[in-house]
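Everything on this sheet refers to the single structure shown next.
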Amino acid sequence: MTLTQDQTLTDRGDGDGRYDKLPTVSPLGDALDWKWLKGANTEWGVRPKIGPRGLTMLDIATGSYGVVPDNPTHRSMAPRGADIDPDTPDMGYILNKKSDVWADNVVELYEEAVARQWSATRDIPWGELRELPSDIEHAMCQVCTTLTEVEMIAADLPAKWMWRMNHDFLEAKMFLCTQIMDEARHAEVFRKRALANGGGLLMSRGQSEGLLRTIIEAKSYTQATALMHLLGEGFILDIFRMGELISPSPVEKRMFRMAMQDEARHVAYGTMHIRYAVEQDPDVAEEIHEALDHGEAVLTAFGTNQDFGTALAVLLGGGVEHVETKGFALQADMQRKQFTSYLARCERAGISRLHRTKLPLELLGLDPNTILAN
Amino acid sequence: MNIATKAFFVALANELNAHPEQFKVHGEADMVAALVMRKADGDFAVRVAFEGLRVEDIKETSVAEAAAADYYLDGPLAAWQAMFDDILANGSASGRLTINSLALLGTDIRLRGDDPMGVDKFSRFNQTLQEYLDGAARVAVAAG
């Protein structure tokens, strides 16, 4: 018996006898119950409204399908909203509370990420690269070396935790997949830039690895996301925002601008995840503070990375001859902005660090009131 | 064209909506941005609503209402004029006169907003906003 698509979509056929004569045994002798056709216990007849840009994840979050449970009962990969057998296997998930991974903006961010993907091959005007003064080319190559090194942590970290996330939090996992793709593209674009103009990959030293190791070894996902999204990616976002100021050509400008938009999505997820986690369970705040206490110290060590720091200063100054008169001063100004952004982001996330941070606010010339107004 | 007018921002929107190919590389954007221009004879504020690949609405508003947008960019008229003059001279914003650099430096034009999720949108959709503002080069040419 063959059903038309229209019949399968519109007619459950439970009561009219239409499906009574279906075979009860498969050609291989297995018993068949046809439950999917005549009796699956799901919300049938949901018809989301298709929007002007197509059918989004927000559009299909209707009825029970839009309800994300705080504490899912299953531990399997069965799709949320399906009629799930009680004996589905336990996949070993350890992040089984919604507050472990969720953010109120995560569905929107997933759609945004999909809509705003770009290509490091096609969308950067590589053909506009011109020969640069040796110091500027070296500095750009050093910055790109360090960025290539640190970017993939934001892919490895979600990859480490995603298979531990309950599958009812599908949208959060989907968003993290986009983050992994974004970071692959960032590693790609910075590696390409280091190699594209006759330069190459330069110095890699221990300070960067210390920060990356702290992030990847975080004890919980929420600690990890505080270290990665709030602290690490927040700082990198500000470097990308600064990218326009250090770019010697339209190629680097475009590269930093495109990466900035991606990074901002990741930071937006992390900020709102922390906020959600703390709202749901205020005790989590201390766990996050402990991670950031350590993370800030390690980040400060990363910030003193002489290769990355001096390369940035040379680019900000416009060459080695201006590094002392202009570059270091501009860099200090940018660092103040980075720390201000970070502390303001913590406020937004509901984790006030103003009176706990180990960052030398006075030395940096930072006023907590300015941060609060940021 | 006087930049502190609704007509100017409507013209930018028409330019954007007529050339969606300029925006496709950036993808769709959903945000309401507001621009506030401080001037001696009374502040000017405008809300620009982006939806998908289009600007769907332009509304002249009060400074207080501007704060209800996802984010607002607040600066003296002279700073805004300098930004648009640069766009006109170069075809698009250059150097430290891109909207990102201006907001990052924060000396003339400041990024503000009450909702952190809204303020995030400035960075998330930054190049869409920049393309919209860069349309001033083509609008001014067309007007001339």
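Taken together, the values in this text are just the output of simple stated rules run on the coordinates, not laboratory data. As the structure is a computational prediction, the values presented were derived from the model and not from experiment. Positions of Cβ are backbone-derived with ideal geometry, glycine not excepted, and every protein chain shown enters the neighbour counts.
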Query raised in the report: Setting aside same-chain residues fewer than 8 positions from B:K6, which lysines have a Cα under 23 Å from its Cα?
Result: B:K39, B:K59, B:K121
**Report entry** Approximate spin-label separation A:D104-A:D123, in nm, with each point projected 7 Å along Cα-to-Cβ
**Finding:** 2.9
Query raised in the report: Taking the Cα atoms only, what angle lies between the long axis of helix A:234-246 and the longest principal axis of chain A, rounded to 10 degrees?
Result: 50
Query raised in the report: Which ³J(HN,Hα) values in Hz, rounded to whole numbers, follow from the phi angles of segment A:349-357 under the Karplus curve 6.51 cos²θ - 1.76 cosθ + 1.60, where θ = phi - 60° and Gly and Pro get x?
Result: 7, x, 10, 6, 9, 4, 9, 10, 4
Query raised in the report: So how far apart, in nm, are the two label points at A:K326 and A:Q280 if each is 7 Å from Cα heading toward Cβ?
Result: 5.0
Query - Angle between chain A longest axis and helix A:306-317 axis [Cα atoms, degrees, rounded to 10] - result: 70
**Report entry** Cα-centred dipole magnitude for segment A:98-373, charges only on beta-carbon of K, R (+1) and D, E (-1), debye, nearest 20
**Finding:** 380
Query raised in the report: Between B:N14 and A:L195, what is the FRET efficiency for a Förster distance of 35 Å, r being their Cβ-Cβ separation, to the nearest 0.05?
Result: 0.25
**Report entry** Relative frequency of Cα-Cα separations exceeding 14 Å in segment B:86-144, percent
**Finding:** 60
Query raised in the report: Anyone know which of A:M258, A:M174, A:M203 comes out most mobile in the 10 Å Cα GNM of chain A?
Result: A:M203
Requested in this report: Once you have the Kirkwood Rh of segment A:98-373 from its Cα pairs, apply Stokes-Einstein at 4 °C and 1.567 mPa s and quote D in µm²/s.
Outcome: 68
Requested in this report: Report, to the nearest 10°, how far helix A:134-151 tilts away from the longest principal axis of the Cα atoms in chain A, using its own Cα long axis and a range of 0 to 90°.
Outcome: 30
Query raised in the report: Taking all pairs of different Cα atoms in segment A:39-181, averaging 1/r and flipping that mean, what Kirkwood radius in angstroms comes out?
Result: 18.5
Query raised in the report: Hey, rough spin-label estimate for A:W36 and A:D156, points 7 angstrom out along Cα→Cβ, what's it come to in nanometres?
Result: 4.0
Report task. Once you've got the GNM for chain A with C-alpha springs shorter than 10 Å, pick whichever of A:T145, A:T88, A:T222 has the biggest mean-square fluctuation. Result -> A:T88
**Report entry** In order through segment A:59-73: 3J(HN,Hα) via Karplus (6.51 cos²θ - 1.76 cosθ + 1.60), integer Hz, x for Gly, Pro
**Finding:** 4, 8, 7, 10, x, 5, 5, x, 8, 9, x, 5, 9, x, 8
Requested in this report: Pick out, from A:P125, A:L231, B:A33, the residue whose Cα sits farthest towards the positive end of the charge dipole of the protein assembly as shown, with +1 on the Cβ of Lys and Arg and -1 on the Cβ of Asp and Glu.
Outcome: A:P125
Query raised in the report: In debye to the nearest 20, how big a dipole does segment A:207-354 give about its Cα centre with +1 on each Lys and Arg Cβ and -1 on each Asp and Glu Cβ?
Result: 560
**Report entry** Long-range amide H partners of B:D57 with built H, under 5 Å
**Finding:** B:A49
Query - Rg [Å, one decimal], Dmax [Å, integer] - segment A:253-374, C-alpha atoms - result: 16.3, 53
Requested in this report: Of the options A:A277, A:V251, A:G350, report the single residue whose Cα projects farthest towards the positive end of the charge dipole of segment A:249-374 (beta-carbon charges: Lys, Arg +1; Asp, Glu -1).
Outcome: A:V251
Query raised in the report: Residue-wise, which Karplus ³J(HN,Hα) couplings in Hz belong to segment A:103-120, taking 6.51 cos²θ - 1.76 cosθ + 1.60, θ = phi - 60°, and x for glycine or proline?
Result: 9, 5, 9, 6, 5, 4, 5, 5, 4, 4, 4, 5, 6, 10, 5, 9, 10, 6
**Report entry** Student exercise, chain B dipole from Lys, Arg, Asp, Glu Cβ charges, in Debye to nearest 20
**Finding:** 240
Query raised in the report: Taking 1 over the mean of 1/r across every pair of different Cα atoms in chain B, what Kirkwood radius in Å do you get?
Result: 14.9
Requested in this report: Run down the aspartates and glutamates and flag those whose C-alpha is under 13 Å from the C-alpha of A:K21, throwing out any fewer than 8 positions away in its chain.
Outcome: A:D33
Query raised in the report: When the Kirkwood radius is taken over all Cα pairs of segment A:197-319, what Stokes-Einstein diffusion coefficient follows at 25 °C and 0.890 mPa s, in µm²/s?
Result: 155
Requested in this report: Would you work out which of A:I216, A:I180, A:L201 lies farthest towards the positive end of the dipole of chain A, given +1 charges on the beta-carbon of Lys and Arg and -1 on that of Asp and Glu, about the Cα centre?
Outcome: A:L201
Report task. Compute from the Cα atoms of the protein assembly as shown the Rg and the Dmax, the latter being the longest Cα-Cα distance, and quote both in angstrom. Result -> 25.7, 88
Report task. Scan chain B and note any complete DSSP helix (H) whose C-alpha atoms cover at least 24 Å along its axis and whose Kyte-Doolittle average is -1.0 or more. Result -> B:126-143
Report task. Just list whichever of A:K219/A:K337; A:K160/A:K219; A:K173/A:K253; A:K337/A:K358; A:K337/B:K24 have alpha carbons separated by over 20 Å in the model shown. Result -> A:K219/A:K337; A:K173/A:K253; A:K337/B:K24
